Amino acid sequence: MLTLFTNRFQAFQPPQGVPVRITLGAPRFKLPYSLTHSVRELAPRRDYLSQPEPEFSTAYRADLDQLGSERIAARLRQITQAEGDHRLVLLCFEDLADPAQWCHRRIFAAWWKDTTGDTVRELGPMAGQYEQGTLM
């Protein structure tokens, strides 16, 4: 079983699941939890990192399409098996409390839903803005 969520590094809390970094760089600030897992394959590439959202989204989704959901799921399952917890929280830096802000974690969530049919819920304080329904 694989249950995916998204959040930002600063808002993650250990009861939410296993934290997984999906950014090129690691946080340069102290975290109040241990961050031992990273899936660099889900980090956007530098060549489109600073592009506007439409171009970024197109390039990032193309990278995800090339990887494929089966390969991504297999990589994520390695973490669930190592941790004994099916709940993975994919983390990046962006604060989605700003309505003008967007980030690759939510682009991934939309791609995952389109590809697998599984919802990836945002756990941050603005979760209701991105998802309908209740959180775990």
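Here are the numbers:
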item	result
Candidate set: region 67-82, residues that are among the small types (Gly, Ala, Ser) and surrounded by fewer than 13 Cβ atoms within 10 Å (Cβ to Cβ); chosen: the one farthest from Thr116 (Cα to Cα)	Ala82
Residue within region 70-83 that is touching a helix residue (DSSP H, G or I) at 6+ places or on another chain (Cβ under 6 Å) and at pLDDT 95 or above present	no
Selection status of Ser50, out of contact with any strand residue (DSSP E or B) (no Cβ under 8 Å at 6 or more places or on another chain), hydroxyl-bearing (Ser, Thr, Tyr) and under 25 Å from Asp114 (Cα atoms)	yes
Residues of region 46-69 classified as among the hydroxyl-bearing types (Ser, Thr, Tyr), over 21 Å from Glu122 (Cβ atoms) and in contact with a helix residue (DSSP H, G or I) (Cβ under 7 Å, 6 or more places away or on another chain), total	1
Per-region count, region 22-66, residues out of contact with any Phe, Trp or Tyr (no Cβ under 7 Å at 6 or more places or on another chain), surrounded by fewer than 12 Cβ atoms within 10 Å (Cβ to Cβ) and farther than 29 Å from His86 by Cα	5
Tally, over region 107-136, of residues that are modelled with pLDDT of 95 or more, in a helix (DSSP H, G or I), surrounded by fewer than 20 Cβ atoms within 10 Å (Cβ to Cβ) and touching a strand residue (DSSP E or B) at 6+ places or on another chain (Cβ under 8 Å)	0
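The values are calculated or read from the model by the stated rules, or taken from the named source; none is laboratory data. Computed from a predicted structure; not experimentally measured. All Cβ positions, even for glycine, are placed from backbone atoms using ideal geometry, and neighbour counts span all protein chains on display.
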